Structures are given as structure tokens and as C-alpha cells.
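Quick notes on the structure that follows.
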Amino acid sequence: MTDLSKKSKTVSGESLSWIGIGSYGIGGRGHRDVSLTEKKSDRIYIDSLQYQFKRGYNFTEISLGYGHGNACRLFSEAMKGFGIDRTKLFITNSLYPRDFNLPNEVERDVDEMHRIFDTDYFDSTLVTQSLTIKYGYDKIVSMLHKLLESGRTRFVSLSNAGKNFIKKFKKEFGDSLFAHETHLSFEVRINQDAGIFDTCDKLGIVNIIWRPLRRNMSSKYSWDLLVELSKKYKKTQNQIILNWIAHLECKPMVMSTSKAHIDENWEANSFTMEDWDYERIQNFRVPNFEVPEIDWDKKGEGIGMADFAIGFDDNYKDFKSSNSN
Ligand SMILES: NC(=O)c1ccc[n+]([C@@H]2O[C@H](COP(=O)([O-])OP(=O)(O)OC[C@H]3O[C@@H](n4cnc5c(N)ncnc54)[C@H](OP(=O)(O)O)[C@@H]3O)[C@@H](O)[C@H]2O)c1
């Protein structure tokens with residue numbers, strides 16, 4: 001099995017921080033296919049990014065589609081303004097199908113990302129299972145091989161894939177496959193139940209978690225267990241969630257523009273809970289809720305994993321109202 005501690009390093013040789021910088025939302029929320037919402041001033045994003053560099057957050061995944069290009073522009077400006085050496089950050093360039101209408105736009109984005117970041121390499125280049133379906137597996141895989149061979153990417157990564165596809169990608173890329181980025185939160189356990197994290201552990205692929213706090217929605221439910229553990233350990237509910245994810249040796253990525261939240265999230269790994277409590281969190285499932293069929297192999301049967309995770313609150317509300325009579 002691959003030694004993940006060797007793989008999870010920046011070019012300067014530092015280990016990846018236990019939690020990463022979420023970049024979706026920097027410069028406004030939205031990919032290219034939708035209008036931007038919740039846009040704040042550039043200064044707020046730059047200050048919060050620089051504060052994360054200062055605290056020791058040293059990895060991110062970022063896409064040219066995030067904030068219609070604003071996320072990359074602001075991230076690059078934050079790096080220059082802070083004077084952080086490029087080699088001290090592990091930056092994954094993500095390519096999401098919703099940002100492209102034509103296959104050649106994918107390669108155009110890669111070039112543009114190198115220009116914006118003024119870099120000759122990305123630490124990893126991420127594709128989703130859906131991108132390979134949209135433009136053809138062979139075409140996407142060949143582009144990734146070329147990026148690896150030319151040194152323009154150190155590794156490749158995958159996002160939102162099922163077990164079969166993860167195994168296929170591992171066969172294709174071997175030790176050059178760095179991470180699988182997917183969702184895990186207090187309420188949404190479909191990846192856990194499908195054995196995705198165990199599969200990646202066995203194959204020596206880093207598990208990275210997107211939207212672990214469900215944008216602070218999990219804490220709004222005030223689940224008994226989270227409230228109890230929050231009181232017991234004198235930590236916030238969000239810290240309990242992040243601590244559990246770190247205990248699973250998965251790496252969460254959280255987006256924040258608030259220094260208080262950045263501190264709170266960073267410090268979530270500075271305590272240990274009793275084994276029994278980790279087990280209780282691990283075994284928690286939303287009561288009286290039936291998870292729909294998940295379309296792991298993208299065959300058009302069931303709901304997509306990411307769609308289910310993102311739409312959890314609506315799915316849960318609908319399920320409760322249709323089962324209340
Ligand atoms: N691969 C994929 O398909 C995929 C999909 C979704 C996301 N992602 C990646 O994952 C990253 C994280 O996901 P996300 O940004 O959607 O969701 P998130 O990190 O769970 O939530 C971010 C939101 O939560 C708030 N927040 C952060 N820490 C908090 C705390 N301690 N207490 C209360 N509120 C807190 C932030 O507000 P404040 O600014 O006020 O702190 C922000 O509005 C993204 O930025 C993106 O890079 C990848």
C-alpha cells in the first residue's frame with residue numbers, strides 16, 4: 001500500500017494540514033452555469049485566505065469555474081500579498097463538467113489556471129466521474145496522463161465517484177492518484193455506508209471531504225447526540241463533527257470568511273473524544289429517514305451522490321411530510 005504520509009506533502013516537504021481551505025464561495029457562490037450569489041468585498045476574501053495561511057491551512061482545491069473566476073484571482077492575489085511561497089501550498093485544480101460546453105474548454109481552463117497562479121505545476125488535477133462520462137473516459141484520461149508526463153501536475157485526483165470507478169482510476173494511475181474528494185457530514189453517510197472511505201484507505205488514496213459542516217446546517221438541527229457531546233467536551237457542534245472526521249483520518253475542507261470560524265475549525269483537532277463517543281457518532285443515522293437509491297455507477301437509476309448530499313435538507317423535509325400522515 002502507498003505510504004500516504006509521503007504522498008501528502010507540499011513540494012517544500014511539509015505535510016498537508018489536517019483541514020484544508022474551501023474555495024467555493026470565494027468571490028461569490030456559483031459556477032459558470034449559474035449567477036453569483038452572496039458576493040462580499042474582495043478584501044474580506046483576501047484577508048480570510050491570508051489568515052488561513054497564517055494559521056497553517058496549506059491545501060485547497062480550486063476551480064476556474066468557482067465564482068466565475070473570482071476564486072482563483074483572489075486566491076492568487078492572497079498568495080502574492082502574503083508572500084507565501086508556491087511550494088508551501090498543495091493546490092488541486094478541479095475540473096467540473098458544469099463549467100464546460102466543449103471538450104477543448106477543459107484544456108483551455110488548465111492553461112488559464114497556470115497563468116492566473118503564475119505557476120508551472122499544480123499539485124493535483126481533479127476530475128469527477130461525470131466529466132469522464134461527458135467527454136469520454138479515454139479523452140480525459142489521456143489529458144491527465146499528458147499533464148503528469150509534462151510535470152504540469154504532480155498527481156491526479158478524483159471526485160464524487162463510486163467504488164468501481166475509483167478502482168478503475170487506481171489501475172489507470174497507480175501511485176499518481178492522490179485523493180478522492182467526496183462528501184461526509186453528520187447526516188449524510190452514503191459514502192461511509194457504501195465503503196468508499198475503506199476502499200480508498202486500502203488503495204492508498206487520500207480521503208478528502210467536501211462540505212463537512214453542510215454550511216453550518218448540521219448544527220441547526222441540534223441533534224441530541226451532537227448537543228450532548230458538545231456539552232461534554234465543551235466544544236461547538238461543528239468542532240465535534242470536524243474532530244470525528246479527523247479521527248477517521250479523512251481531511252475536511254471548510255470555506256470560511258470569518259476569523260472566529262477559521263480559528264474554531266482549526267482548533268477542532270486539538271482534543272480527543274472517548275472511543276465510545278466516536279463509535280456513537282459513527283453509528284448515528286438520521287432517524288425515521290429512508291435514504292433513496294444512489295446512482296453510484298451513473299446509470300441513470302436513482303439519485304446522484306452529490307445531488308443527494310447537497311439537497312439533503314429538502315429530501316429530508318419532503319420525506320417527513322410525505323410520511324407524516
Ligand atoms: N468536489 C465537489 O463536488 C465539491 C462540492 C462542494 C464543495 N466542494 C469544496 O468543499 C469546500 C467546502 O464546502 P462548502 O464551502 O460548500 O461548505 P462548508 O465548508 O461546509 O461551509 C461553508 C459555510 O459554512 C460557514 N462556516 C464555516 N465554518 C463555520 C463554523 N465553524 N461555524 C459556523 N459556520 C461556519 C461559512 O460561513 P463564514 O464565512 O461565516 O464562516 C460558509 O458560509 C468548498 O469550498 C469547495 O472547495 C467540493
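For the peptides 148-155, 264-271, 289-296, residues were scored by their other Cβ atoms within 10 Å and the scores averaged per peptide; the highest-first order is 264-271, 148-155, 289-296. Taken one residue at a time, the phi angles of the range 83-91 give Karplus couplings (6.51, -1.76, 1.60, θ = phi - 60°) of x, 7, 5, 3, 6, 8, 10, 9, 10 Hz. Gly and Pro are set to x.
Sorting 308-314, 182-188, 29-35 by average packing, meaning the other beta carbons within 10 Å per residue, from highest down gives 182-188, 308-314, 29-35. Dipole orientation for the chain: of the candidates 25, 192, 218, 25 has the Cα lying most toward the positive pole (charges on Cβ; Lys, Arg +1; Asp, Glu -1). Residues whose amide H falls under 5 Å from that of residue 159, counting only those 5 or more places apart or on a different chain, are 127, 128, 129, 181, with hydrogens built in the peptide plane. Based on protein heavy atoms only, the range 4-277 ends up with 40 Å² per residue of surface accessible to a 1.4 Å probe. Residues whose amide H lies under 5 Å from that of residue 122, counting only those 5 or more places away or on a different chain, are 153, 154; hydrogens are built 1.01 Å from N in the peptide plane. Among the listed pairs 6/231; 167/220; 39/220, those whose Cα-Cα separation exceeds 29 Å are 6/231; 167/220. Binning all Cα-Cα separations of the chain at 20 Å, short to long from zero, yields these whole-percent fractions: 32, 61, 7, 0. Available extension along the chain between residue 105 and residue 322 is 73.8 nm, counting 0.36 nm per residue and deducting the alpha carbon span. 3J(HN,Hα) along the range 212-223: x, 9, 6, 6, 6, 6, 4, 5, 5, 6, 6, 4 Hz, from the Karplus curve 6.51 cos²θ - 1.76 cosθ + 1.60 with θ = phi - 60°, whole Hz, x for Gly and Pro.
Peptides 164-173, 62-71 ordered by packing proxy, namely the average of other Cβ atoms within 10 Å per residue, highest first: 62-71, 164-173. Coupling constants for the range 163-168 follow from the phi torsions by the Karplus curve (6.51 cos²θ - 1.76 cosθ + 1.60, θ = phi - 60°), and in residue order they are 4, 4, 6, 4, 5, 4 Hz; glycine and proline get x.
Starting from the Cα gyration tensor of the range 22-125, take the square roots of the eigenvalues, sort them a ≥ b ≥ c, and report rounded, prolate or oblate (rounded when a/c is under 1.5, otherwise prolate if a/b is larger than b/c, else oblate). It is oblate, given that a/c is not under 1.5 and a/b is not larger than b/c.
Close amide H partners of residue 27, meaning residues 5 or more places away or on another chain with modelled amide H under 5 Å apart, are 40. Taking 13 Å as the straight-line reach from the Cα of residue 234, the aspartates and glutamates in range (excluding those fewer than 8 positions away in the same chain) are 264, 267. In the chain, the portion of solvent-accessible area held by carbon and sulfur atoms comes to 48 percent [1.4 Å probe, whole percent, DNA, RNA and ligands not counted]. The mean sequence distance of close C-alpha pairs (under 8 Å, at least 6 residues apart), as a share of the length of the range 161-205, puts its relative contact order at 46 percent. Straight-line reach from residue 139: taking Cα to Cα under 14 Å and skipping same-chain neighbours fewer than 8 places apart, the aspartates and glutamates in range are 105, 107, 172.
Straight-distance candidates among the lysines for linking to residue 80, with alpha-carbon spacing under 18 Å and chain neighbours fewer than 8 residues away dropped: 54, 88.
The relative contact order of the range 136-284, computed from alpha carbon pairs under 8 Å that lie at least 6 residues apart in sequence, is 18 percent.
Placing +1 on the Cβ of every Lys and Arg and -1 on the Cβ of every Asp and Glu, with nothing else charged, gives the range 4-277 a dipole about its Cα centre of roughly 160 debye.
The values are calculated or read from the model by the stated rules, or taken from the named source; none is laboratory data. Nothing here was measured: the structure is a model prediction, and the numbers come from that model. Glycine also receives a Cβ, built like all others from the backbone with ideal geometry; neighbour counts cover every protein chain displayed. When the accessible area is computed, the model is the full protein with side chains, heavy atoms only, and any ligands, DNA or RNA have been set aside. Shrake-Rupley method; radii C 1.70, N 1.55, O 1.52, S 1.80 Å.
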